[in-house]
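Have a look at the structure below, then the notes.
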Amino acid sequence: MQPTPLNAEYHAMKKQSPVTYPSYQADSPQVCGVGKIGWLHNLATKAGLDSYLPRPSHGLGLTVVLIASLFCLWFSDYLIDLSNGKLLGLSSLTLAILLGMLLGNTVYPRFAAPLSSGVDFAKSQCLRLAIVLYGFKVTLTQVASVGSAAIAIDALVLTSTFLLTYILGHKWLKLDKQTTLLIGAGSSICGAAAVIATEPVVKAEAYKVTIAVATVVVFGTLAMLLYPLLYQLQWLAATLGAEQYGVYIGSTVHEVAQVVVAGNAISTEVGNTAVVTKMIRVMMLAPFLLILSFVLSGIHNNVNPNDSLALKPTKTNFWQRAKQVHIPWFAFMFLVMIGINSLLHHTQSASSAHFVELMVSLDNLLLTMAMFALGLTTHFSAIKKAGFKPLLLAALVFGWLLSGGAAINMGIQTLVVG
């Protein structure tokens with residue numbers, strides 16, 4: 001029997017590629033799309049979207065992660081109500097990773113076998129979906145309201161902070177590259193969300209992600225308390241007014257929740273400006289990840305793959321690197337969601353507002369699930385092995401955010417006024 005064109009193409013592909021192709025005929029149900037696997041499923045498989053659909057093996061682990069995350073969300077709201085908002089900086093993300101680490105180093109190892117598949121799904125796929133939905137927390141109108149000065153300040157603070165973190169951490173403290181990059185991302189952009197968004201690009205181990213998140217929690221909480229105190233002591237009062245101080249807070253404090261607390265501790269107006277400025281930093285996550293992926297595409301492991309300090313740049317040209325870039329699709333979908341959110345806010349309808357509120361709640365849940373799963377897979381022994389260097393690096397970077405960030409804010413504001 002003469003092979004059909006499709007069968008001929010299949011056999012040619014099979015000869016040229018080391019990939020194992022399943023055996024099927026051109027008129028089989030799989031190809032025609034009338035059987036168990038249709039053309040739509042094939043399209044989703046090629047795009048990698050099927051990996052974001054939970055399977056029966058994920059069920060038990062996802063259920064445990066979901067229940068624990070709902071508890072963390074409830075407990076976070078309870079603490080906020082109990083303290084009249086004063087503990088807002090202790091977000092559900094912080095509670096989730098702490099609870100996850102506690103259970104992960106005590107109870108979880110006994111039940112890891114049936115749960116690990118679902119936990120891994122929450123730690124990877126759920127966090128990417130959460131980054132996408134994070135776009136429903138920002139609108140383009142908010143960005144425009146603070147002006148070009150805030151955008152320039154955010155860009156300078158982000159760039160200088162990340163580069164300084166890399167130099168201090170990797171070159172001076174001799175920290176491994178992955179931990180350094182994660183701490184840099186968390187400090188320069190949007191805290192824990194930036195850390196877990198950067199993890200797929202740098203391909204870091206779970207305990208390194210946890211270390212980076214811990215530094216954000218420690219120094220972000222300190223910033224949340226320190227910035228309002230400095231304002232009351234008239235620090236920078238000669239150069240920065242109340243609204244400009246809000247830009248300073250938004251451009252230098254780690255987490256969104258911490259920015260909310262620090263800004264509103266001064267006044268509602270300062271709080272609003274601080275949050276909008278912070279959300280501009282959040283918008284910079286997507287281009288940051290793309291640039292980082294491009295830079296890392298020119299890096300390879302040296303002879304010893306276990307030595308994370310043995311990463312050296314390869315001699316590749318621009319186009320070779322561009323072909324090797326790991327495109328963080330979720331970061332660009334995040335920008336798409338910002339556009340959709342902006343359009344929905346423009347309609348000013350009750351149904352649109354309800355939909356946005358629903359997406360924000362779902363995003364908070366997915367982020368909390370990712371953080372709890374991350375905590376479950378983090379071992380205290382690995383964190384202890386990392387030593388004091390990550391904390392020292394984060395302290396130095398915090399000092400830069402406080403002083404260098406102030407200098408950038410004063411410089412840009414002086415240029416704008418002048």
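The values are calculated or read from the model by the stated rules, or taken from the named source; none is laboratory data. Only a predicted model underlies this, so the values are computations on that prediction, with no experimental measurement involved. All Cβ positions, glycine included, derive from the backbone under ideal geometry; neighbour counts span all protein chains shown.
Can you name the residue in region 264-298 that is among the small types (Gly, Ala, Ser) and closer than 17 Å to Ile189 by Cα and is also modelled with the highest pLDDT among such residues? This residue is Ala274.
So that you can scan it fast, the table gives a plain yes or no per residue for (1) under 24 Å from Met333 (Cα atoms); (2) within 12 Å of the chain's Cα centre (by Cα); (3) not in a helix (DSSP H, G or I):
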{"position": "Ala96", "(1), (2), (3)": "no, no, no"}
{"position": "Gly100", "(1), (2), (3)": "no, no, no"}
{"position": "Arg110", "(1), (2), (3)": "no, no, no"}
{"position": "Ser116", "(1), (2), (3)": "no, no, no"}
{"position": "Ala122", "(1), (2), (3)": "yes, no, no"}
{"position": "Leu129", "(1), (2), (3)": "yes, yes, no"}
{"position": "Leu133", "(1), (2), (3)": "yes, yes, no"}
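From the list Val209, Val195, the lone residue that is buried (at least 24 other Cβ atoms within 10 Å of the Cβ), without any contact (Cβ under 8 Å) to a residue 24 or more places away in the chain and among the hydrophobic types (A, V, I, L, M, F, W, C) is Val195.
In this structure, does Ala322 turn out to be part of a helix (DSSP H, G or I), within 25 Å of Phe398 (Cα to Cα) and modelled with pLDDT under 75?
Answer is no for this residue.
Within region 139-152, the residues that satisfy the criterion of being surrounded by fewer than 19 Cβ atoms within 10 Å (Cβ to Cβ) and among the hydroxyl-bearing types (Ser, Thr, Tyr) are Thr141, Ser145, Ser148.
Right, Thr378: assigned to a helix (DSSP H, G or I), over 30 Å from Trp235 (Cα atoms) and either touching a strand residue (DSSP E or B) at 6+ places or on another chain (Cβ under 6 Å) or among the β-branched types (Val, Ile, Thr) (or both) or not?
no
Residues of region 153-177 being of a type in the set (Gly, Ala, Ser) and surrounded by 18 or more Cβ atoms within 10 Å (Cβ to Cβ), which ones? Of everything in region 153-177, just one residue is of a type in the set (Gly, Ala, Ser) and surrounded by 18 or more Cβ atoms within 10 Å (Cβ to Cβ), namely Gly169.
Residues that are in contact with a helix residue (DSSP H, G or I) (Cβ under 7 Å, 6 or more places away or on another chain) and in contact (Cβ under 8 Å) with a residue 40 or more places away in the chain within region 223-252 comprise Ala223, Met224, Leu236, Thr239, Leu240, Gln244, Val247, Tyr248, Gly250, Ser251, Thr252, listed in sequence order.
Taking residues in region 103-119 that are at negative phi, and partners anywhere that are aromatic (Phe, Trp, Tyr), the pairs with Cβ atoms closer than 9 Å and at least 6 places apart or on different chains are Leu103/Phe372; Gly104/Phe380; Asn105/Phe380; Leu115/Tyr108; Val119/Tyr108; Val119/Phe372.
Exactly one residue out of Leu175, Leu156 is part of a helix (DSSP H, G or I) and hydrophobic (A, V, I, L, M, F, W, C): that is Leu156.
Of these, Leu358, Leu401, Leu362, Leu366, which one is surrounded by 16 or more Cβ atoms within 10 Å (Cβ to Cβ) and either of a type in the set (Phe, Trp, Tyr) or farther than 17 Å from Val157 by Cα (or both)?
Details: Leu358 fails: surrounded by 16 or more Cβ atoms within 10 Å (Cβ to Cβ); Leu401 fails: either of a type in the set (Phe, Trp, Tyr) or farther than 17 Å from Val157 by Cα (or both); Leu362 fails: surrounded by 16 or more Cβ atoms within 10 Å (Cβ to Cβ).
It is Leu366.
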